[in-house]
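A short write-up of the structure that comes next.
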Amino acid sequence: MKVAVIGTGYVGLTTAVSLAMNGHQVTGIDLDASKVEKLRQGISPIYEPGLDEALKKVLDDGALAFYTDLTEAKDAEIFFICVGTPEAVDGTADLTYLLGAVSDIGKVHSLAPQERIVVIKSTVPVGTGEKVAGMLAGCQGVSVASNPEFLREGSALIDALEPSRIVIGVDNPQAAARMEELYNGVKAPRVITNRANAELIKYASNAFLATRISFMNELARLSTALGTDIVTIARGMGLDSRIGPQFLRAGVGYGGSCFPKDTIALLQLAAEHNIHLSILDKVREVNATQPAWFLEQLCLQLPDLKGKQIAVLGLTFKPDTDDIREAPSLKLIEELLQKGASVKAFDPIGVSGVSKQFPQITYTQSAAEACEGAHAAILVTEWEQCVQLDWKQVYQSMAQPLLVDGRNAWPHQEVKEAGFHYIGVGRS
Ligand SMILES: NC(=O)c1ccc[n+]([C@@H]2O[C@H](COP(=O)([O-])OP(=O)(O)OC[C@H]3O[C@@H](n4cnc5c(N)ncnc54)[C@H](O)[C@@H]3O)[C@@H](O)[C@H]2O)c1
């Protein structure tokens, strides 16, 4: 099928490449001319494992092309909207980019009217599909579908090719059939429903995952007080098939471009309907206070951080991505600097984004180099390059052998044997 993908960020680029790999003829559109230029050369503007190679292949095959102007895709049967829906000042989802894209689609449709589906893949509040359908009511033959995205940064391409589920919200069976045709051959359970249900499934999923994380983070605080081990507790819990092992990992808190903004957007959506989602409110509260709680654990060992050198290992919000949006590292660095510490940081990919915000700190070429002369090292993102270190050598190079593991990912027995004082999140 002929498909246009509007917005070629993390979701749009992955969607465009995966659809092209699945045999569709795809046109990627982005307002950002420098991004489009890079993409045309086969250079992915974002870091995602496997994406560069896949992008080059579909460009070479002629299955994917990029433009800044949507009229280049005027004969597309399906228009995917994958633009950002960031947090507005009041916490609601800012739909400015989305509504801009809808207005562009309206104009292009009038140039080349035909049967087509406008698919909202961006995460949007319940009712947005309805609103978009209203905006396009004058465009004969146009249906509006909601098809939320569940990919995880760091494994985005695999997730797009082998999704956990395909959720399609439509208001007519013809559009449902066309969407089924688009995803023909993709093995995944389908949820075919109305647009509002599809929209809420996305927010509810992210809110629930955030809840699991905050639950474990709060439990980790208790575990620290009790001297129990949260990693063992999580394993014991996760073996219960009603619970499952995913998202039970305590740490420095969640970040990224989705959970923070989607949880507040869901709270705001509920508030508009006079519903207070009190659990979700607490989930956000726990997450907001987790970095400070984590630094308290460091300060129990190093009460005065003034003049102390701290190694911060890992800057992106999770490994295998270059995304630093709402990354816990940003809060931690800010707090450390406020307390008078000097920071040496390492990340295999995320330095360029962070260095714009914190030009005053030192960025190193390796995790081991960041630890040289440090009074403590903290693990913020569990990149392999930050986890697998020569601990004996690191021990020799540090001013004080203190490791504070914000992801419970360092081999705690091994580092203790190497002589370190090790503190995890909720570890005995
Ligand atoms: N990043 C994720 O892991 C993820 C996962 C699931 C869902 N989502 C949702 O998907 C949406 C996109 O997220 P993202 O992380 O890919 O965003 P992003 O910021 O990486 O990319 C958005 C892109 O859209 C472009 N754009 C904006 N307006 C445009 C327009 N009118 N025409 C053409 N291009 C336009 C921007 O230039 C940018 O390149 C959001 O709603 C997000 O919540 C994201």
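Look at (1) closer than 27 Å to Q268 by Cβ; (2) surrounded by fewer than 16 Cβ atoms within 10 Å (Cβ to Cβ) and you find that V126 fails only one, number (2).
The residues in the range 222-280 that are exposed (fewer than 15 other Cβ atoms within 10 Å of the Cβ), among the hydroxyl-bearing types (S, T, Y) and under 28 Å from L298 (Cβ atoms) can be counted, and the count is 1.
Would you check which residues across the range 55-101 are of a type outside the set (S, T, N, Q), within 12 Å of the ligand (Cβ to nearest atom) and over 20 Å from the mean Cα position of the chain (by Cα) and list them?
Narrowing the range 55-101 to residues of a type outside the set (S, T, N, Q): 55-67, 69-70, 72-84, 86-91, 93-95, 97-101.
From what's left, within 12 Å of the ligand (Cβ to nearest atom): 66-67, 69-70, 72-73, 79-84, 86-87, 93-95, 97-101.
Hits for the range 55-101 are F66, Y67, D69, L70, E72, A73, F79, L99, G100, A101.
Among the residues of the range 33-43, are any surrounded by fewer than 19 Cβ atoms within 10 Å (Cβ to Cβ), in contact with a helix residue (DSSP H, G or I) (Cβ under 6 Å, 6 or more places away or on another chain) and more than 20 Å from V186 (Cβ to Cβ)? Checked against the condition, which is being surrounded by fewer than 19 Cβ atoms within 10 Å (Cβ to Cβ), in contact with a helix residue (DSSP H, G or I) (Cβ under 6 Å, 6 or more places away or on another chain) and more than 20 Å from V186 (Cβ to Cβ), the range 33-43 yields at least one hit. Just to be sure, is L389 closer than 30 Å to R325 by Cβ, without any contact (Cβ under 8 Å) to a residue 60 or more places away in the chain and surrounded by 14 or more Cβ atoms within 10 Å (Cβ to Cβ)? Criteria met by L389. The condition (being at pLDDT 95 or above and either at positive phi or touching a Phe, Trp or Tyr at 6+ places or on another chain (Cβ under 7 Å) (or both)) is satisfied by just one residue among V124, V83: V83. Are any residues in the range 191-214 more than 16 Å from the chain's Cα centre (by Cα) and within 15 Å of the ligand (Cβ to nearest atom), and if so, which ones? Listed by number, the residues that qualify are A198, E199, L200, I201. If the condition is being touching a strand residue (DSSP E or B) at 6+ places or on another chain (Cβ under 7 Å) and surrounded by fewer than 20 Cβ atoms within 10 Å (Cβ to Cβ), then the range 316-362 contributes L337, S342, V351, S355, I361, T362. Selection of the range 59-80 for residues being assigned to a helix (DSSP H, G or I) and surrounded by fewer than 20 Cβ atoms within 10 Å (Cβ to Cβ) yields L59, D60, T71, E72. Reported count of residues in the range 132-180, each being part of a helix (DSSP H, G or I), surrounded by 19 or more Cβ atoms within 10 Å (Cβ to Cβ) and touching a Leu at 6+ places or on another chain (Cβ under 6 Å), is 2. Of all residues in the range 257-267, one or more are part of a loop (DSSP other than H, G, I, E, B) and either in contact (Cβ under 8 Å) with a residue 24 or more places away in the chain or away from the ligand (no atom under 16 Å from the Cβ) (or both). The residues of the range 6-54 that are within 14 Å of the ligand (Cβ to nearest atom), in a helix (DSSP H, G or I) and not β-branched (V, I, T), listed by number, are Y10, G12, L13, A16, S18, A33, S34, K35, E37, K38, L39, L51.
Scanning the range 165-195 for residues that are in contact with a Ser or Thr (Cβ under 8 Å, 6 or more places away or on another chain) and under 24 Å from L267 (Cα atoms) turns up V167, I168, G169, R195. For the range 102-113, a residue qualifies if it is loosely packed, with under 14 Cβ neighbours inside 10 Å and either more than 13 Å from the ligand (Cβ to nearest atom) or in the same structural domain as L280 (by TED's automatic domain parsing) (or both), and the qualifying residues are S110, L111, A112, P113. The single residue among L157, L136 that is among the aliphatic types (A, V, I, L, M) and more than 13 Å from the ligand (Cβ to nearest atom) turns out to be L136.
Whenever a residue of the range 22-46 is closer than 28 Å to M179 by Cα and aliphatic (A, V, I, L, M), its partners that are part of a helix (DSSP H, G or I) and away from the ligand (no atom under 13 Å from the Cβ), lying with C-beta atoms within less than 8 angstrom and at least six residues away or across chains, give the pairs V26/L19; V26/A20; V26/V58; L39/L55. Taking every residue in the range 310-334 that is on the phi > 0 side of the Ramachandran plot and pairing it with any residue that is among the aromatic types (F, W, Y) and at pLDDT 95 or above, at least 6 positions away or on another chain, the pairs with Cβ-Cβ distances below 6 Å are G314/W383.
Does G251 satisfy the criteria of being over 26 Å from L161 (Cβ atoms), without any contact (Cβ under 8 Å) to a residue 24 or more places away in the chain and out of contact with any strand residue (DSSP E or B) (no Cβ under 6 Å at 6 or more places or on another chain)? I'd like the intermediate steps shown before the answer.
On the way: over 26 Å from L161 (Cβ atoms): yes; without any contact (Cβ under 8 Å) to a residue 24 or more places away in the chain: no; out of contact with any strand residue (DSSP E or B) (no Cβ under 6 Å at 6 or more places or on another chain): yes.
Against the criterion (over 26 Å from L161 (Cβ atoms), without any contact (Cβ under 8 Å) to a residue 24 or more places away in the chain and out of contact with any strand residue (DSSP E or B) (no Cβ under 6 Å at 6 or more places or on another chain)), G251 does not qualify.
Taking the listed residues V351, V394, the one that is of a type in the set (A, V, I, L, M) and in contact with a Cys (Cβ under 7 Å, 6 or more places away or on another chain) is V394, with no other qualifying.
Tell me which residues, restricted to the range 380-402, are outside any helix (DSSP H, G or I) and either closer than 22 Å to A234 by Cα or not assigned by TED's automatic domain parsing to the domain that holds T321 (or both).
Just the residues of the range 380-402 that are outside any helix (DSSP H, G or I), to begin with: 380-383, 388-390, 398-402.
Matches in the range 380-402: V380, T381, E382, W383.
The values are calculated or read from the model by the stated rules, or taken from the named source; none is laboratory data. The shown structure was predicted, so the numbers you read here are calculated from the model rather than taken from an experiment. So basically every Cβ, Gly included, is an ideal-geometry build from the backbone, and we count neighbours across all protein chains shown.
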